[in-house]
Structure formats: C-alpha cells, structure tokens
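Got a structure for you, questions after.
The values are calculated or read from the model by the stated rules, or taken from the named source; none is laboratory data. Since the model is a prediction, treat every value here as computed from it, not as a measurement. Reconstructed Cβ throughout: ideal geometry from the backbone, glycine too, with neighbour counts over all protein chains shown.
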Amino acid sequence: MAMMPRTAFRRPAAAGLAVPGLDVPGLAGVGRALAPAVMLLGVVLLAVPGAAQTVENAPAADDGRYMLNRSGDGYVRLDSKTGQVSLCTRRTVGWACQAMPDDRAALEGEIDRLQSENALLKKELISRDIPLPAGTRNDVAAAKGEELKLRLPTEAEINKAMSFLGEAWRRLLETVQNLHNELMKKT
C-alpha cells in the first residue's frame, strides 16, 4: 500500500479537523462549516448503493425465516418455519408471492390409510394364526386396534429407586468432602 505524503492532508487551523481537499487558498474556515455536510454526503453515497444491492438479495424477514432462490423471472421463497413454498414474481404493481401446490396433506393422508390397512392385515394374519413376515413388529395390541396400557411403578419400586438415589447422593457428598479435606491438608 503506497503511503501518501503528509502534505496531502493539511489541517485547516480553524477547523481542527483533517478534511482533504478543503484547504483551498481564500477559503480558510470553510472547512469547519462544510465538514458535517461532506460527512453526511459520504454516508448517504455509501448507504444508497448498499441498500439497493441488499433489497434484491435480502430475505423477506431479518430473522432468517425465509430463504429465497432465483428461479426464472422470479424467486422461490421457502418458509423455514412452516415449510410452505411460494413463487414470487414481479407484477405491474410490485412483487407478489403465490403459494405453490403442497402435496404434503395428500401424502400424510396416504400414510394414514396405509398404516390402518397394515394394522388390519396384521390383525387378519394373527387371527388365522399365521406368523408375521420377518422384519415386521409383532405388535399384537396395534394389530388388534387396542391401546397400549402404561404400567405405573408400585410403591415398593418407588421406594427402592428413592433409596438408591439417596445412597448415591450421600456417596457423592462424601467424595466431595474427602477431596475438600485432602486439598486443605496440602495447602
């Protein structure tokens, strides 16, 4: 990187700022008045091209919810929270997004139909004492359409678990206390 000579940035005495190009003979003191305007103009000129560039490529929301991919004359927008896909195209009045057909509902309906059909076939096989094919779950309750029942632990099982946890906690505290005592002896 080439170093600029120190004389390129002369400090106007009245301004107290280094404003390049404003140290013109006969305009002493003008630098102080123009410095804010020059800085504002610079900020505006830097912000406008950046804003124009980011509007075209930016997602629809700042939280990253939407992902946009260019497609033909428009964009395909994916909603990362719902999975909804839309096609966004430029219209005479601006941009408009239309939801694309979603086959998810049809697929979920087909999955439900196949699961119930599978359960009926399992039930039929079991009722005829035919073994289920290898690799299938022998879930008799599901095949019969019955609900599985949850067995809660007995009072004795709960007491046994509590005493185990109490003993483990006591041993942990003893170990910590022993380590603490050993460290205190060493120091």
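Sort out which residues of the range 60-88 are touching a residue at least 12 places away in the same chain (Cβ under 8 Å), exposed (fewer than 14 other Cβ atoms within 10 Å of the Cβ) and more than 21 Å from the chain's Cα centre (by Cα), and write them in order of number.
SER71, ASP73
Considering only residues that are exposed (fewer than 12 other Cβ atoms within 10 Å of the Cβ), at negative phi and at pLDDT 75 or above, which ones fall in the range 128-149? Before you say what the answer is, go through the steps one by one.
At the first step, the residues of the range 128-149 found to be exposed (fewer than 12 other Cβ atoms within 10 Å of the Cβ) are 128-131, 133-135, 137-138, 141, 145-149.
Cutting the leftovers down to at negative phi gives us 128, 130-131, 133-134, 137-138, 141, 146-149.
Result: ARG128, ILE130, PRO131, PRO133, ALA134, LYS149.
Got at least one residue in the range 158-174 being surrounded by 10 or more Cβ atoms within 10 Å (Cβ to Cβ) and modelled with pLDDT under 85?
no
Whether any residue in the range 108-120 is within 17 Å of MET67 (Cβ to Cβ) and either exposed (fewer than 13 other Cβ atoms within 10 Å of the Cβ) or in contact (Cβ under 8 Å) with a residue 24 or more places away in the chain (or both) is what I want to check. It would help to see each step written out before you state the result.
Initial filter on the range 108-120 (within 17 Å of MET67 (Cβ to Cβ)): none.
No: the range 108-120 contains no residue that is within 17 Å of MET67 (Cβ to Cβ) and either exposed (fewer than 13 other Cβ atoms within 10 Å of the Cβ) or in contact (Cβ under 8 Å) with a residue 24 or more places away in the chain (or both).
Let me confirm something: among LEU68, LEU121, LEU87, which residue is at pLDDT 85 or above, in contact with a helix residue (DSSP H, G or I) (Cβ under 9 Å, 6 or more places away or on another chain) and in a strand (DSSP E or B)? Break it down stepwise before answering.
Numbers: LEU121 fails: in a strand (DSSP E or B); LEU87 fails: in contact with a helix residue (DSSP H, G or I) (Cβ under 9 Å, 6 or more places away or on another chain).
Testing whether each residue is at pLDDT 85 or above, in contact with a helix residue (DSSP H, G or I) (Cβ under 9 Å, 6 or more places away or on another chain) and in a strand (DSSP E or B) leaves just LEU68.
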